[in-house]
Each structure stands twice: as structure tokens, then as C-alpha cells.
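For reference, the structure is listed below as C-alpha cells.
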Amino acid sequence: MTTVETTSADSPETPRRTPEELARAEAHAAHNYHPLPVVLSHAEGAWTTDVDGRRLLDMLAGYSALNFGHGHPALLAAAHAQLDRVTLTSRAFVHDRFADFTARLAALCGKDLVLPMNTGAEAVESGLKVARKWGYDVKGVQADQAEIVVMSGNFHGRTTTVVGFSDDPDARNGFGPFTPGFVRVPYADLGALRAAITPRTVAVLLEPIQGEAGVLIPPPGYLPGVRDLCTEHGVLMIADEIQSGLGRTGRTFACDHEGVVPDIYLLGKALGGGVVPVSAVVADRDVLGVLHPGQHGSTFGGSPLACAVGLAVVELLETGEFQHRATQLGVVLHDRLAALSGHGVTGFRARGLWAGVDIDPALGTGRDLCEALLARGVLAKDTHGSTIRLAPPLVISTEDLHWGLDQLAAALT
Ligand SMILES: *Cc1c(COP(=O)(O)O)cnc(C)c1O
């Protein structure tokens, strides 16, 4: 499993398909991405195969959407079985996969109710709507006066409302005007948060670990401090666990590391098992109960196929096996990165099987390093200049993880 095969496709006689496929992929697609020069055709577990038959170790896992690896047998079985029964009903009718998914996901979160959606950005948008409605109906904020506090460096998706409160110029410039009602404060600064809360504040939205920003982990005490401020001021704490949740950090939720329970969980990515987009807003009845028929919806959200796969994901998480693996493999990841510090690595932040690694800019950009890793058979992604993000599937073997980190070490020298 740990060697990259050099197939005849690499010999000069056999033309490689990759350049042609890359050109074809560029020809008629919007250029909103700058993918690495690789064209994948198959994948299983932590390994992918490209169109030239080259095997590549996936150290990104779809930004955590593939926590359970590619083609996990239990998830494929659930999807295959459901494809032959019924895939979509719309929420105009109830289907027989809905109850189990919502009940078991609510239980996994320790909450009463689930609002199923599809993508992460939709879960965020839905959570914001719920918070505003709660603010008017329950907290008694004057109509259209609700404020929501967000964090600097946030990443919550790509819809117009969400990019409107981003501070990343690439994400927001050229897409205004934006939705009002958001106040941004520095991340991990309790004083700034306290100062920003007013009687009109209905929610604080944050990532318990900021993934896109480079796996930024707030100092111990910050999340409990946010929880206390929210409780004290009658403000909802919304944790965007779309990337940090569902096993990645070694616990079911990143908030669990600090014993913090938010009022609203936003989930996505791994909830669909890498098979279908499944996201959700999860909260207690006194919060999610503010939505009434006609006030929110989604054609595909909570479809039979989504619920079948989502339930299989919840069942995997109920075993605790993946959280345990993330913890154990995370020790390997942490130790190996610590050994690379000063050898091309200028700093890193890691929790569970998830790390942001700052590369010595003298060695090139994060992109350069990812291209070097690709040449060595490893898929990873840069974020913000000279930082790369490592998030291998939680099913990766210890040997393969070591092999992938060997390639990182070699690429740094
Ligand atoms: C990926 C991500 C989103 C957006 O999810 P999409 O499915 O791409 O819309 C939102 N929040 C966080 C923290 C994410 O990592």
C-alpha cells in the first residue's frame, strides 16, 4: 500500500493522459479554482488513482468531507441500497428514512431537533435565519434590528450573505452589496467579543478551530469564555463544525475538547460521507422550534438518499472508532511535524488528524510544496500563501501516514 507504482504510463513511449485531460477540464469550466495538475479517476480508502494509473495518497480528504475515506463499504452499501428504493420525495411528503436520521443525529449532538440541508453554506445560512427568528420571536429584538457577531479570518462558505462578513478580499471584493446585521471581531479575543455584544445581538457565529485560516486553534479557555458570554447576555452560540466536527479532531466535535456545548451546531462535509452533500442545523426545541411551515425549506434537503447515507455516517460515529483513530494518528502527525520544525517547517498547529503547517517561505510557496508533494505521490492543499493543510482520511493506516509524512520531509529538503 505504501509505494507509488511507476507504471509504463510514465515511460516516454506511452503518452500520458493527464495533460490532455487537464486541458479538457479547463476548456468549458468557470475558472474559480486553480486545481493541482492531477486528474483523478478512482479512489479507495486513503488512496486515489489518476488517469495515468498513478496512485496518490489523499492527505486532504475533501477538506474533511472524506473523513471516512473514499468508498467506505458501510456508506456505499447504504447508498446502493437506497438507490434501488427511493431517492427523492421532496419534503412535501414524509419518507421512511427521515425519522431515523434526524433522531440519531440529534442524539449524537445531544440536541432535540435537526434541520437537514445540503451544503455547508446552506447550513450556515439556515443557522443565521434561525438565530434572527429566535432573536425576534424569543429574545424580543425589534424587527430587522438583529445583529450577529462573527470572527476575523472566518470561513463559512461562498453565498452572498456569508462572503459579506468575510474579511478575505478574494472572497468578498466585487460581490457587494452585502447583507447588513453582522459585526466582526478578532478571533480568540474575549474582550473584543464582550465589547461587541449589545441588546440587539442574537448570536455569535464561530469556527471552534478555523480551518481555512490555517487550522487556527484558539487558546484554552476561549470557547468556554464565549459560551459564558453568550449565556450571560442571552445570545445564541453557533458553532460551525462543518470542517472541525464529526471525528476530525479526535472528538465528535471540536467544542468537546473544552467541554463546551453550543446552542446551534452547523454540520456538513463528512455528514454526507463523501457520497452526497448532506448538511444540518442541530439545536434544541426552544431554538429550532421558531421555524414554522413555509418559513424555510430545501428541495433536496433530507432526501431519502441523503438520510440513508447520513444515518450510516452517524452510525460510524456512534462507535467512537473514528474519533479514537483521529486521536491516535494525531499523535503520529504531531510528533512528525514537531520533528520537522526548523527543517523547513516554521510552525504548525495540530489537533487530532488535522494540521496547518507553515512552510519556510525561502523554500517556496505552499502551492510549490503541494506540487512537489504531488510529484512524490501525495495530495495536499495550500491555504494562505505558505501554509498547507493536512487532513488525511481517518481510515488511513499508520504506515501510510508515516509514508505521506516521509514525502513531506523529503519535499522540504
Ligand atoms: C467548507 C466549509 C463551509 C462551506 O461548506 P460548503 O459545503 O462548501 O458550502 C462552511 N464552513 C466551514 C467551516 C467550512 O469548512
With criteria (1) away from the ligand (no atom under 13 Å from the Cβ); (2) within 26 Å of ALA391 (Cα to Cα), ASP263 comes up short on (2)
Scanning region 354-413 residue by residue, those closer than 30 Å to LEU271 by Cβ, assigned to a loop (DSSP other than H, G, I, E, B) and of a type in the set (Ser, Thr, Tyr) turn out to be SER397
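Given ASP335, ASP284, which one is surrounded by fewer than 24 Cβ atoms within 10 Å (Cβ to Cβ), free of Cβ contacts under 8 Å to residues at least 12 places away in the same chain and over 19 Å from GLN210 (Cα atoms)? Even if it seems obvious, please write down each step before you answer.
Values: ASP284 fails: free of Cβ contacts under 8 Å to residues at least 12 places away in the same chain.
The match here is ASP335.
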Item to check | Verdict on GLY356 being touching a residue at least 12 places away in the same chain (Cβ under 8 Å) and on the phi > 0 side of the Ramachandran plot | outcome: no
_Could you go through region 81-90 and let me know if any residue there is modelled with pLDDT of 95 or more, part of a loop (DSSP other than H, G, I, E, B), within 16 Å of the ligand (Cβ to nearest atom) and over 22 Å from GLY289 (Cβ atoms)._
no
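Taking region 209-241 as the search range and keeping residues that are acidic (Asp, Glu) and not in a helix (DSSP H, G or I), which one is nearest to the ligand (Cβ to nearest atom)?
Here is the first cut: in region 209-241, the residues acidic (Asp, Glu) are 212, 228, 232, 240-241.
Next, only the ones that are not in a helix (DSSP H, G or I) stay: 212, 240-241.
Values: GLU212: 6, ASP240: 5, GLU241: 8 Å.
So the residue we want is ASP240.
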Mind checking whether some residue in region 51-63 is out of contact with any strand residue (DSSP E or B) (no Cβ under 9 Å at 6 or more places or on another chain), within 16 Å of the ligand (Cβ to nearest atom), hydroxyl-bearing (Ser, Thr, Tyr) and assigned to a helix (DSSP H, G or I)?
no
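Picking from GLY214, GLY174, GLY225, GLY153, which residue would you name as being surrounded by fewer than 16 Cβ atoms within 10 Å (Cβ to Cβ), farther than 25 Å from TYR136 by Cβ, of a type outside the set (A, V, I, L, M, F, W, C) and not assigned by TED's automatic domain parsing to the domain that holds HIS384?
GLY174
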Scan region 278-293 and tell me whether some residue there is under 16 Å from the mean Cα position of the chain (by Cα) and of a type in the set (Ser, Thr, Tyr).
yes
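Say whether the condition of being among the small types (Gly, Ala, Ser), outside the structural domain of THR383 (by TED's automatic domain parsing), within 27 Å of SER64 (Cα to Cα) and more than 16 Å from the ligand (Cβ to nearest atom) is met by at least one residue in region 108-124. Spell out how you get there, then give the answer.
As a first pass, look at region 108-124 and keep what is among the small types (Gly, Ala, Ser): 110, 120-121, 123.
Cutting the leftovers down to outside the structural domain of THR383 (by TED's automatic domain parsing) gives us 110, 120-121, 123.
If we keep only those that are within 27 Å of SER64 (Cα to Cα) too, we end up with 110, 120-121, 123.
Still in the list and also more than 16 Å from the ligand (Cβ to nearest atom): 110.
Yes, because at least one residue in region 108-124 is among the small types (Gly, Ala, Ser), outside the structural domain of THR383 (by TED's automatic domain parsing), within 27 Å of SER64 (Cα to Cα) and more than 16 Å from the ligand (Cβ to nearest atom).
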Exactly one of GLY301, GLY347 is without any contact (Cβ under 8 Å) to a residue 60 or more places away in the chain and in contact with a strand residue (DSSP E or B) (Cβ under 8 Å, 6 or more places away or on another chain), and that one is GLY347
Going through region 242-260 in order, the residues found to be within 15 Å of the ligand (Cβ to nearest atom), assigned to a loop (DSSP other than H, G, I, E, B) and touching a residue at least 40 places away in the same chain (Cβ under 8 Å) are ILE242, GLN243, SER244, LEU246, GLY247, ARG248, THR249, PHE253
Among residues of region 139-166 being in a helix (DSSP H, G or I) and away from the ligand (no atom under 12 Å from the Cβ), the residue nearest to ASP189 (Cα to Cα) is GLY164
Given (1) under 22 Å from ASP256 (Cα atoms); (2) more than 14 Å from the ligand (Cβ to nearest atom); (3) assigned to a helix (DSSP H, G or I), GLY127 misses just (2)
Picked from region 338-354 (must be buried (at least 23 other Cβ atoms within 10 Å of the Cβ) and among the hydrophobic types (A, V, I, L, M, F, W, C)), the residue farthest from GLY214 (Cα to Cα) is LEU353
All conditions in (1) away from the ligand (no atom under 16 Å from the Cβ); (2) in contact with a His (Cβ under 6 Å, 6 or more places away or on another chain) are true of TYR136 except (2)
Only one of PRO293, PRO199, PRO277 is surrounded by fewer than 23 Cβ atoms within 10 Å (Cβ to Cβ), within 12 Å of the ligand (Cβ to nearest atom) and part of a loop (DSSP other than H, G, I, E, B), namely PRO277
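The values are calculated or read from the model by the stated rules, or taken from the named source; none is laboratory data. Treat the numbers as computed from the prediction; the structure is a model and nothing was measured. Don't worry about glycine lacking a Cβ; one is built from the backbone with ideal geometry, like all the others, and counts go over all protein chains shown.
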